[in-house]
1. Taking Leu135 as meeting all but one of (1) open to solvent by less than 30 Å² (accessible area, probe 1.4 Å); (2) in contact (Cβ under 8 Å) with a residue 40 or more places away in the chain, write down the number of the exception.
2. Of all the residues that make up the stretch 21-46, how many are in contact (Cβ under 8 Å) with a residue 60 or more places away in the chain and closer than 22 Å to Ala309 by Cβ?
3. Are any of the residues in the stretch 46-69 in contact with a helix residue (DSSP H, G or I) (Cβ under 6 Å, 6 or more places away or on another chain), within 16 Å of ligand 1 (Cβ to nearest atom) and of a type in the set (Phe, Trp, Tyr)?
4. Any chance the stretch 92-110 includes a residue that's closer than 16 Å to Ile247 by Cβ and either crowded, with 23+ Cβ neighbours inside 10 Å or polar (S, T, N, Q) (or both)?
5. Check the stretch 204-220 and report whether any residue there is hydrophobic (A, V, I, L, M, F, W, C) and in a strand (DSSP E or B).
6. Please go through the stretch 113-132 and pick out each residue that is under 16 Å from Ile188 (Cα atoms) and either more than 16 Å from ligand 1 (Cβ to nearest atom) or open to solvent by 10 Å² or more (accessible area, probe 1.4 Å) (or both).
7. Read through the list (1) crowded, with 24+ Cβ neighbours inside 10 Å; (2) without any contact (Cβ under 8 Å) to a residue 12 or more places away in the chain, then give the number of the only condition that Asn49 fails.
8. Condition test on Gly258, is it of a type outside the set (A, V, I, L, M), away from ligand 1 (no atom under 16 Å from the Cβ) and either closer than 15 Å to Leu301 by Cα or free of Cβ contacts under 8 Å to residues at least 24 places away in the same chain (or both)?
Amino acid sequence: MKRLKIIIDTDPGVDDAAAILMALASPELDVLGISVVAGNVALQNTVINACKIVNLSGRHDVPVYAGAAGPLVRQQVYGKYAHIGAFDDEIADIGNIKPEQESAVDFIIRSAKAAVTSGEQITLCSIGPMTNVALALIQHPDVRLGIKQIVSMGGAFTAMGHRTPWAEFNIYADPHAGDIVFKSGIPIILMPLDMTFQALLTQSQMETFRAGGKAGQALFDLFTAFDRSDPNRLGREGGPVHDATVIAWLIKPELFKGHETYVGVQITGLTMGYTYADFYNKLNHVPNALVMTEIDEAGFLNLLTERIAGYGAVHHNGEKQP
Ligand code: RIB
Ligand code: CA
């Protein structure tokens, strides 16, 4: 099987942890590296959390790169769990994983240029504010030639944001970066809140994570510690796993339905970060994104829980995975 070369740009983040662990357990994907950005929490803690997740996965071959500490233009905002900082050592220890010396932006630029030379383009999985991606695009015009597609968790069109009434967090945290990416001309596959809120992980499904060895237990502990359910808003039990939908699409795109459309973002004024999707082509713009509007909830959650449980599988040499 030809493995898809991907870079995960992330602001871990509990749902980022699920996405990264899922990707590192998926043979379909060749994770070239993890580039980290400030977002859910400050950069020093998103870097620590990314290293902890790599240590949990046992995939010590996957490098971590520190990126932008703040957005391009607007003042810094963090996620609603900003106070959590780094994941508790009791839940996930960092082992001896450290970030590389090279910056995340330089890593993305270097990888994209190498992809142009090799002819094997990279898929960028953006599951945090898009600052690193935008900076790479700004700094070297050839970067876009090395990137096959950007699969991004971001935006909200009918399901209004949960960090502010008008915006989804990743775009809200750096709307100017989002604007650069949406206008880059690179094919974008977008996983907005409208779709990610359709798939809610319940307590009993979370329990199945615990079959996944140390990694699965840690993910269970993280999802338990930071309860993401909101029955008053969502109308039923369970919480979203926003970022993991990006990885699920790479593995099983048939779990999703979407529409090619033009997506834009507001970059000024009070409602900075507001995203719109011109589903009925009122603006007559060329579509710049495939916006996912539906998800097979059971299929997605089964894929997620199956991949996480895989960390508990017996190792090829007969020993239990870490
Ligand atoms: O709005 C959800 C997004 O914001 C997710 O990527 C979550 O991790 C936070 O970054
Ligand atoms: Ca995230």
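The values are calculated or read from the model by the stated rules, or taken from the named source; none is laboratory data. Remember, predicted model here, so these are calculated numbers, not experimental data. We place every Cβ from the backbone using ideal geometry, glycine too, and count neighbours over all the protein chains shown. Each accessible area value is taken on the protein alone, full model and side chains, heavy atoms only, with ligands, DNA and RNA left out. Shrake-Rupley method; radii C 1.70, N 1.55, O 1.52, S 1.80 Å.
1. (1) is the only condition that Leu135 fails.
2. Here is the first cut: in the stretch 21-46, the ones in contact (Cβ under 8 Å) with a residue 60 or more places away in the chain are 21-23, 25-26, 28-29, 32-33, 35-40, 46.
With closer than 22 Å to Ala309 by Cβ added as a condition, the list becomes 21-23, 25-26, 28-29.
Looking only at that region, the number is 7.
3. The initial filter retains those residues of the stretch 46-69 that are in contact with a helix residue (DSSP H, G or I) (Cβ under 6 Å, 6 or more places away or on another chain), namely 53, 56-57, 59, 62, 64-69.
Pick out the ones that are also within 16 Å of ligand 1 (Cβ to nearest atom) and you get 53, 67-69.
Next cut, of a type in the set (Phe, Trp, Tyr) only: none.
No, because not a single residue in the stretch 46-69 is in contact with a helix residue (DSSP H, G or I) (Cβ under 6 Å, 6 or more places away or on another chain), within 16 Å of ligand 1 (Cβ to nearest atom) and of a type in the set (Phe, Trp, Tyr).
4. Within the stretch 92-110, not a single residue is closer than 16 Å to Ile247 by Cβ and either crowded, with 23+ Cβ neighbours inside 10 Å or polar (S, T, N, Q) (or both).
5. No: the stretch 204-220 contains no residue that is hydrophobic (A, V, I, L, M, F, W, C) and in a strand (DSSP E or B).
6. Hits for the stretch 113-132 are Gln121, Ile122, Thr123.
7. Checking Asn49 against (1) crowded, with 24+ Cβ neighbours inside 10 Å; (2) without any contact (Cβ under 8 Å) to a residue 12 or more places away in the chain, the one that fails is (2).
8. In short, no.
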